[in-house]
Amino acid sequence: DFPKSVCIYEVGARDGLQNETCLPSQSKINFINLLSQSGLSHIEAGAFVSAKRVPQMADSLNVMRAIKRQDNITYSALTPNIQGFEMALSARADEVAIFASASEGFSQHNINCSISESLKRFEPVMALAQLHGIPVRGYLSCVIDCPYDGPTPANQVLQITEQLIGMGCYEVSLGDTIGTGTPFKVANLLDTINSQIPSRKIAVHFHNTWGQALPNIYQALSMGIDTIDASVAGLGGCPYAPGASGNVATEDVVYLCHQLGIETGLNLDVLAAAGWMICQQLNISPRSNVSIAMKAR
Ligand code: HMG
Ligand code: MG
């Protein structure tokens, strides 16, 4: 059954901007401040990762310190290790995210260690987060296919998702990192996941590389998933997933949900305005059909 309402987890300021040209901090701050006016409850605002690896996120501390916060919004950041978590603390992140891969190849390329080493590395992050009362989200990449290892077995995804939840993640976001998923593949995966894990602990994170993100989201919604990651203007990608393009555009997801009678609590005009604003800074056009259609109307 379809959910009555969904939570849109906005990742544009992190997943979106990590794979575009570097912007001045002030542009990011203005972008996040505008997103904060749209009704969003969750905004991923940065990543505390190696600046050599992902220079686009190197100013996350300054950005998170300078944004104008709304009380009812959770501002989060990626924290791959203790060093990142400590920075997130000083940035006053409301929530942090650890990120693992369901495939060994991507784990090595993205975070420079095996899956089991990464889970070990996250243990002290989980302990510190618990000490500080900070909720931790888990990301799991390559849940359909890996750019290095090929198709990922659904059971492998289930097993690591269970481990992340067992470690204390309140939710795991399943990432189709290279966007090769299609509705049947997604249904197969979610059948396996839903058989063991309550759907409220699962989010989906689709990249739109092959143009299948929206049908995949429709499939996930029909199976009771009610947290959807999205990126305004369809920005982004992952630097360690060759050819991967942006996340599904938030505007497109919101239009779909509203047309299905599913509440989002979001103002589409403000989201679209935020998308046009950041795209102007990046000197690109929004990769959102809905946003472009709205402008032409
Ligand atoms: P490492 O490569 O194993 O090496 O790091 P290290 O621990 O020896 O550190 C190397 C350098 O990074 C050192 O600096 C550290 O100080 C620094 P140097 O001595 O060379 O000057 N460093 C850090 N700097 C800032 N913050 C930190 C930090 N940790 C170390 N927290 C590490 C491991 C994971 C840090 C590194 O490999 C890395 O940063 N990788 C980049 C990962 C990344 O950001 N990927 C993109 C986000 S994940 C994604 O997009 C997927 C997702 O969207 C879901 C999906 O779509 O599938 C979530
Ligand atoms: Mg991603």
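The values are calculated or read from the model by the stated rules, or taken from the named source; none is laboratory data. Not measured: the values here are computed from a predicted model. Neighbour counts run over all protein chains shown; Cβ positions are idealised from the backbone, glycine included.
Only one of GLY234, GLY243 is touching a Lys or Arg at 6+ places or on another chain (Cβ under 9 Å) and either at pLDDT 95 or above or within 14 Å of ligand 2 (Cβ to nearest atom) (or both). Can you tell me which?
Result: GLY234 is the single residue among GLY234, GLY243 that is touching a Lys or Arg at 6+ places or on another chain (Cβ under 9 Å) and either at pLDDT 95 or above or within 14 Å of ligand 2 (Cβ to nearest atom) (or both).
In segment 207-235, how many are β-branched (Val, Ile, Thr), surrounded by fewer than 24 Cβ atoms within 10 Å (Cβ to Cβ) and either more than 16 Å from ligand 1 (Cβ to nearest atom) or more than 11 Å from the chain's Cα centre (by Cα) (or both)?
2
Look through ILE197, ILE160, ILE165 and report the one residue that is farther than 24 Å from ALA77 by Cβ, more than 16 Å from ligand 2 (Cβ to nearest atom) and modelled with pLDDT of 95 or more.
The conditions single out ILE197.
Among what's in segment 273-297 and is polar (S, T, N, Q) and outside any helix (DSSP H, G or I), pick the residue that is surrounded by the most Cβ atoms within 10 Å (Cβ to Cβ).
The extreme case among them is SER288.
For segment 13-25, state whether one or more residues are touching an Asp or Glu at 6+ places or on another chain (Cβ under 6 Å) and either buried (at least 18 other Cβ atoms within 10 Å of the Cβ) or modelled with pLDDT of 95 or more (or both).
Checked against the condition, which is being touching an Asp or Glu at 6+ places or on another chain (Cβ under 6 Å) and either buried (at least 18 other Cβ atoms within 10 Å of the Cβ) or modelled with pLDDT of 95 or more (or both), segment 13-25 yields at least one hit.
Tell me which residues, restricted to segment 1-28, are away from ligand 2 (no atom under 16 Å from the Cβ), closer than 18 Å to LEU78 by Cβ and in a helix (DSSP H, G or I).
Result: SER25, LYS28.
For ALA51, work out the one condition from (1) of a type in the set (A, V, I, L, M, F, W, C); (2) crowded, with 24+ Cβ neighbours inside 10 Å; (3) part of a loop (DSSP other than H, G, I, E, B) it doesn't fulfil.
Going through the list (1) of a type in the set (A, V, I, L, M, F, W, C); (2) crowded, with 24+ Cβ neighbours inside 10 Å; (3) part of a loop (DSSP other than H, G, I, E, B), ALA51 breaks only (2).
Can you name every residue in segment 246-265 that is within 14 Å of ligand 2 (Cβ to nearest atom) and not in a helix (DSSP H, G or I)?
If the condition is that a residue be within 14 Å of ligand 2 (Cβ to nearest atom) and not in a helix (DSSP H, G or I), then GLY246, ASN247, VAL248, ALA249 are the ones that fit.
State yes or no: is CYS257 over 18 Å from SER41 (Cβ atoms) and among the hydrophobic types (A, V, I, L, M, F, W, C)?
In short, no.
Please go through segment 243-292 and give me each residue that is within 29 Å of ASP1 (Cα to Cα), among the small types (Gly, Ala, Ser) and touching a strand residue (DSSP E or B) at 6+ places or on another chain (Cβ under 8 Å), ordered by number.
Within segment 243-292, GLY246, ALA249, GLY265, SER288, SER291 meet the criteria.
For ILE165, only one of the following conditions fails: (1) β-branched (Val, Ile, Thr); (2) crowded, with 23+ Cβ neighbours inside 10 Å; (3) not in a loop (DSSP other than H, G, I, E, B). What is its number?
Only one criterion is unmet by ILE165, namely (2).
Against the condition within 16 Å of ligand 1 (Cβ to nearest atom), within 30 Å of ALA51 (Cβ to Cβ), free of Cβ contacts under 8 Å to residues at least 40 places away in the same chain and surrounded by 21 or more Cβ atoms within 10 Å (Cβ to Cβ), how does VAL204 come out, does it pass?
yes
Across segment 244-271, what is the total count of residues that are more than 13 Å from ligand 1 (Cβ to nearest atom) and surrounded by fewer than 21 Cβ atoms within 10 Å (Cβ to Cβ)?
Residues that pass the stated criteria total 12.
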